[in-house]
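Comments concern the structure below.
Coordinate-derived values only; no laboratory data. Quick caveat, the model's predicted, so the values are computed rather than measured. Backbone-built Cβ (ideal geometry, glycine too); neighbour counts: all protein chains shown.
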Amino acid sequence: MVLDRRGDQHPGVRTRERDWTWDETVRESAARGALAASRRVDGPFHIGVLLENTPEFLFWLGGAALSGAVIVGINPTRRGAELEAEIRYVDCQLIVTDIVGMAKIRDLDLGLSEDRCILVDAPSYLDEVRAHWPDEPVIAPAVGESALFLLLFTSGTTGMSKAVRCSQGRLARLAYANSVKYGHVRDDVDYCCMPLFHGNALMALWAPALANGATICLPRKFSASGFLPDVRFFGATFFTYVGKALSYLIATPERTDDIDNTLVRGFGTEASPEDKAEFVRRFGAELFEGYGSSEGAGSVRADPAAPPGALGRPAHDEIAVVEPQTRIERIRAKLDQHGRVLNPDEAIGEMVDKGGAKRFEGYYKNEAAVAERIRHGWYWTGDLGYIDEAGYIYFAGRKGDWIRVDGENTSALMIERILRRHPKIIATGVYAVPDPRSGDQVMAAIEVADVSDFDPVEFVEFLDSQDDLGTKSAPRFVRVSTGLPVTGSNKVLKRELQAQLWRVADPMFQRVGRAEQTYRPMTEADVQALEQEFHTYGRARFLPEPGSRR
């Protein structure tokens, strides 16, 4: 795919400062590949890239493809021991970074000498690249379809990250499949605002653009305020999004000329139906909401007739929703007029691909995690879902998003989608916190522009007006923040929120009453009284260490 772009004078990579044709991009890439090969030592040929979205990131991707190296995208939002552990885990023998990135890793014990770090903004860097400029780009002899190309860290929203293996063959197949699925063409101008260390940008944008020879436009990182100006500057026709990105765009002040832009399509995951509808109304682009993961092939087939909230139809007969313990397929979900599942305990289960074991390429140095994914010959997604009576499949959250209140199950994702309807809520994370007597309680962390603008009385009125909010689903605890913690790909970091419980500096509200629910500020005395209940009923093991408060 890289070599197919030799001689191609179509714009390949653009920033606000400079453009490269595809032919220039290939030759820049080949020089980086030759530079990497000259620095190669014994051991896995793994290159960590710690950069924002810059042309250098793309050149090193292309160079690795030609030289047979493996690119490990390093999340620049990681810090300290977590960052150190991730880099050591994947056996990088080179780190490509810049002065800013070097400051993050200089004091870490990575098992590498400083000369194993290549600084792309060092004065001598471009001279070294030119010294390895090839007469003609070529592919290294050992490179083939099965050659490992990427190690993609999982998001780590509910647990520690794992490194997903992705071969050159798999990424190439995804490039062509996604071209058909999302309508990629050569005339596209692809705006890459999601981070290049993440599978979304690589699989849904970079690889299809490479396959079709479309143009890739790079901002250094996502900016809600800079999105529309960039789209207009580049004439962008396509973009991708993950997590909170779409809600951030919608939260920007609306202008009458928002729809005056060149966007045609967008692809992303985990946006609510309301967010998608609002984006289309304001900006006019068609949105494709997908389902998938860095680990596995797509399990959903798009259907234009799908109702709001549905992912589409199962891609093939081996996609099923099952009860995890018995492996028995769940019955079809019965939906009311609001799309709420009336029989969640019987209909919601884990989504599996009974033939996915042969498509999953595994995790790097983590056989226990592989065994958890592949059981009984099936690929287990770790995600909840359900299939309605018309045969449409729905995402119901991560397996860790299942909240059991008073003996009934409820989906955190469904509650999040309801809360996002509130006009002042920019983003939210809903998760289980322990009940002092048994089971779970629902806690919601909401992000707003101004904490003082949160009105608990109005919030109750909003909840009461939501006909599809189940009686067990109204949050018992609400944390109000102007900046929820997120992963590098803009997903709310629920495991961090969940670990903090109600011990936070952000304003906390607690629901009181049943018949007439109200929310009142949660004081330090309230926290102490609540936690005393855990001791009284023998559940103190569910609390963090004494004195922890963030």
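What share of the DSSP beta bridges in the range 167-290 is antiparallel, in percent to the nearest 5?
Close to 0 percent.
Evaluated at q = 0.14, 0.22 Å⁻¹, the base-10 log of the normalised Debye intensity for the range 406-542, with identical point scatterers placed on the Cα atoms, takes the values -0.63, -1.64. Taken over the range 309-400, the percentage of Cα pairs per 10 Å bin, counting from 0 up to the bin with the maximum distance, is 17, 48, 26, 8, 1.
What you get for the range 309-400, charging only the Cβ of Lys and Arg (+1) and of Asp and Glu (-1), is a dipole of about 220 debye around the Cα centre. Between the helical axis of 55-67 and the longest alpha-carbon principal axis of the chain there is an angle of about 70 degrees.
With Rh defined as the Kirkwood radius, the inverse of the mean 1/r over Cα pairs, the Rg/Rh of the range 167-290 is 0.95. The fewest-to-most ranking of Cys117, Cys217 by surrounding Cβ atoms within 10 Å reads Cys117, Cys217. Note on the range 422-511: dipole from Cβ charges, positive end direction compared against Ser481, Pro456, Met443; the farthest Cα belongs to Met443.
Show me the ranking of peptides 531-539, 74-82 by mean Cβ neighbours inside 10 Å, starting with the highest. Display every interim value, and only then the final one.
On the way: 531-539: 13.2, 74-82: 16.0.
By packing density, highest mean first, the sequence is 74-82, 531-539.
Principal-axis analysis of the Cα atoms of the chain puts helix 168-182 at an angle of about 60° to the longest axis. The residue among Ala34, Thr326, Ile250 whose Cα reaches farthest toward the positive pole of the charge dipole of the chain, with charges on the beta-carbon of Lys, Arg, Asp and Glu, is Thr326.
For the range 74-148, the normalised intensity computed at q = 0.21, 0.26 Å⁻¹ comes to -1.00, -1.16 (log10 of I(q)/I(0), Debye sum over alpha carbons, equal scatterers, no solvent). Convex hull of alpha carbon positions in the chain: directionally averaged projected area 26.2 nm². Dipole size of the range 183-247 about its Cα centre, with +1 on Lys/Arg Cβ and -1 on Asp/Glu Cβ: approximately 220 debye, rounded to the nearest 20. Any chance you could check the Cα centroid distance between the range 367-391 and the range 458-526 for me, in angstrom? Centre-to-centre (Cα) distance: 30 Å.
Can you give me the relative contact order of the chain as a percent, contacts being Cα pairs under 8 Å and 6 or more apart? Mind showing how you got there, number by number?
Numbers: 1096 pairs, mean separation 53.4, N = 550.
With pairs under 8 Å counted, the relative contact order is 10 percent.
A cut-off of 5 Å between modelled amide H atoms, ignoring neighbours fewer than 5 places along the same chain, links Glu286 with Arg265, Gly266.
Output the pairs from Lys244/Lys472; Lys358/Lys494; Lys221/Lys399; Lys276/Lys399; Lys181/Lys358; Lys354/Lys472 with a Cα-Cα distance over 28 Å in this structure; if there are none, say none.
On the way: Lys244/Lys472 25 Å; Lys358/Lys494 31 Å; Lys221/Lys399 30 Å; Lys276/Lys399 24 Å; Lys181/Lys358 22 Å; Lys354/Lys472 33 Å.
Result: Lys358/Lys494; Lys221/Lys399; Lys354/Lys472 exceed 28 Å.
Sorting Met508, Met102, Met203 from the fewest to the most surrounding beta carbons within 10 angstrom yields Met102, Met508, Met203. Take 135-145, 186-196, 470-480 and order them by the average number of nearby Cβ atoms within 10 Å per residue, most first; the result is 186-196, 470-480, 135-145. Charges were assigned to the Cβ only: +1 to each Lys and Arg, -1 to each Asp and Glu. The resulting dipole of the range 167-290 about its Cα centre is roughly 440 debye. Across the range 110-124, computed HN-Hα scalar couplings (Karplus, 6.51 cos²θ - 1.76 cosθ + 1.60, θ = phi - 60°) run 9, x, 10, 6, 5, 6, 8, 9, 9, 9, 6, 10, 6, x, 8 Hz from first to last residue, x flagging Gly and Pro. Between the alpha-carbon centres of the range 302-347 and the range 180-254 there is a gap of 30 Å.
Could you tally the net charge around Val13, taking each other residue with its Cβ under 9 Å from the Cβ of Val13, Lys/Arg +1 and Asp/Glu -1? With Lys, Arg at +1 and Asp, Glu at -1, the net is -1. Size descriptors for the range 1-51, from the alpha-carbon set: Rg then Dmax equal 13.5, 39 Å.
Which trypsin sites (Lys or Arg not before Pro) in the range 89-168 pass both tests, a DSSP loop state and at most 13 other beta-carbon atoms within 10 Å? Each step should come with its number before you reach the end.
Numbers: sites: Lys104, Arg106, Arg116, Arg130, Lys162, Arg165; in loops: Arg106, Lys162.
Of the trypsin sites (Lys or Arg not before Pro), the ones in loops of the range 89-168 whose Cβ has at most 13 other Cβ atoms within 10 Å are Arg106.
Relative to the dominant Cα principal axis of the chain, helix 273-283 is inclined by about 50°.
Along the axis of the charge dipole computed for the range 167-290 (Cβ charges of +1 for Lys and Arg, -1 for Asp and Glu, origin at the Cα centre), the listed residues Ala172, Thr240, Ala271 are led at the positive end by Ala172.
The ranking of His46, His316, His422, His184 by Cβ neighbour count inside 10 Å, starting from the fewest, reads His316, His422, His46, His184.
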